[in-house]
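Please read the structure below before turning to the comments.
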Amino acid sequence: MSARSQRDYYDVLSVSRTATPEEIKSAYRKAALKWHPDRNPSQKEAAETRFREATEAYSVLSDQQKRAAYDRYGHAGVSRVGGDAGINHSIFEEFQDIFGDFFGFEEIFGRGAGHGRSRTQRGADLRYDMRLTFEEAAMGLTTKIRIPRQDLCDSCHGTGAKPGTGSTTCETCKGRGQLHYQQGFFSITRTCPACQGAGQTVRDKCPECRGHGRVERTATIDVRIPPGVESQTRMRVAGEGEPGANGGPPGDLYIVLEVKDHPFFERRGADLYCTIPVSFTQAALGAEIPVPGLFLEERLAIPEGTQTGSIFRLKGRGLPDLHGGGKGDLYVNIRVLTPAKLTREQRRLLQQLGETLQVENRPAERNSSFFEKMKDIFG
Ligand SMILES: [Zn+2]
Ligand SMILES: [Zn+2]
């Protein structure tokens, strides 16, 4: 059974997602008093769990940075970003009146993720930020990433015992992994410090990991980024987080993508947008103009009498659609350039042309923006 709880932190404290720091603080105080193990001797286990949960939620939501990460990425955003969500130990001081000098609080919360004293523990999740070029995001890519993390020691397979030597039942806890203390009205269960909850101790320590069972290592992981990803796309690579404790399952690796802007294309989902300037005469007479596609140059025929702000769609010339399959479209916004710096001859020709053109100069309809126009045309 995994002790890892994934209840929403706002739910845990019964506050809204827009709660102010004061509201969060007062909600936590309420929860902490309600679930104080001291006050719930008859359901100590459950109370401890609730208490720990509330304290963890408060640790995250009371910290501006952690709260922002949590809002954005959920539990994965705070579980192990350069440390772990764990419990912010300044809480013990901030809520002195609640905690008092209650023996064993640090043990209830443990050092780290605060997921209690179950003997098997799921490993921590890891986060890896990855920057992609616009083209890489469009095409997808297969690459290797290097992640520094704790891995199980190969030589002892995580047991910490020198290969060939066994382990023996821990004498301190008699193999239970936990110690019970009676303190006033309530008893405290704490992880056995001699075996760290494993219930076993090793006689001869593994020389490779000096008995820790794990080693700091840079793992190389193959990742396949599918075509069509966007900034903030989050990919989970199951089981590539840190190993669990005492045979628990490993955590997951989250790859959070950031895609660089393109100097020419703007992207909305799988569709691409760009603006192409054409000359006054091309617009008037019609022309076939080159349009740089993302990978191949396209040709676009614009009809005679094309106005500035006209939008043409090149079907299927956008990006692969990450969700629905198929491809987006490429929208080309035409901008007609008024000729400037005319030669004497050009000026004469234009004047001659001008005499044959009749335009009544009256106010035109309000010029809607590019994207509003898009909606009108294709919406
Ligand atoms: Zn080892
Ligand atoms: Zn022990």
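Descriptive notes on the structure:
- Extension reserve of the residue 236-residue 135 stretch, reckoned as 0.36 nm per residue once the Cα distance is removed: 34.2 nm
- Across the protein chains, with a 1.4 Å probe defining accessible surface, the residues 264, 312 rank 264, 312 from largest area downward.
- For segment 173-262, the fraction of C-alpha pairs more than 24 angstrom apart is 50%.
- Proximal lysines relative to residue 34, as straight alpha-carbon distance under 29 Å, when same-chain residues fewer than 8 apart are discounted: 25, 44, 66
- These residues, 154, 204, 271, 125, go from largest to smallest accessible area, 1.4 Å probe, as 154, 204, 271, 125.
- In Å², nearest 10: area of residue 51 left accessible to a 1.4 Å probe: 0
- Proximity of backbone amide H atoms, modeled 1.01 Å from N, is registered between residue 317 and 330 at under 5 Å, excluding neighbours fewer than 5 places apart on the same chain.
- For segment 117-241: rounded, prolate or oblate by the Cα gyration tensor [a/c cutoff 1.5]: oblate
- Of the whole protein surface, residue 157 contributes about 140 Å² of accessible area at a 1.4 Å probe radius.
- Cα Rg over Rh - segment 234-351, Kirkwood: 1.32
- Solvent exposure of residue 275, expressed as accessible area, is near 50 Å², computed with a probe of 1.4 Å over the protein chains only.
- For residue 327, residues with placed amide H under 5 Å, excluding near neighbours: 321
- Computed E for residue 260/residue 75 - FRET, C-beta separation, R0 30 angstrom, nearest 0.05: 0.60
- Phi angles across segment 271-282 convert, under the Karplus curve 6.51 cos²θ - 1.76 cosθ + 1.60 with θ = phi - 60°, into 3J(HN,Hα) values of 8, 10, 10, 8, 10, 10, x, 10, 7, 4, 6, 4 Hz, Gly and Pro given as x.
- Theoretical FRET efficiency, 1/(1+(r/R0)^6), r = Cβ-Cβ of residue 224 and residue 268, R0 25 Å, to 0.05: 0.50
- Annotation: amide H-H contacts under 5 Å for residue 298 (H modelled 1.01 Å from N, sequence separation of 5 or more, or interchain): 291, 293.
- At R0 = 35 Å, FRET efficiency that the Cβ-Cβ distance of residue 43 and residue 157 yields, to 0.05: 0.35
The values are calculated or read from the model by the stated rules, or taken from the named source; none is laboratory data. The structure presented is a predicted model; accordingly, all values stated were derived computationally and were not measured. Cβ sites come from the backbone with ideal geometry, for glycine too, and all protein chains shown count toward neighbours. Each accessible area value is taken on the protein alone, full model and side chains, heavy atoms only, with ligands, DNA and RNA left out. Shrake-Rupley method; radii C 1.70, N 1.55, O 1.52, S 1.80 Å.
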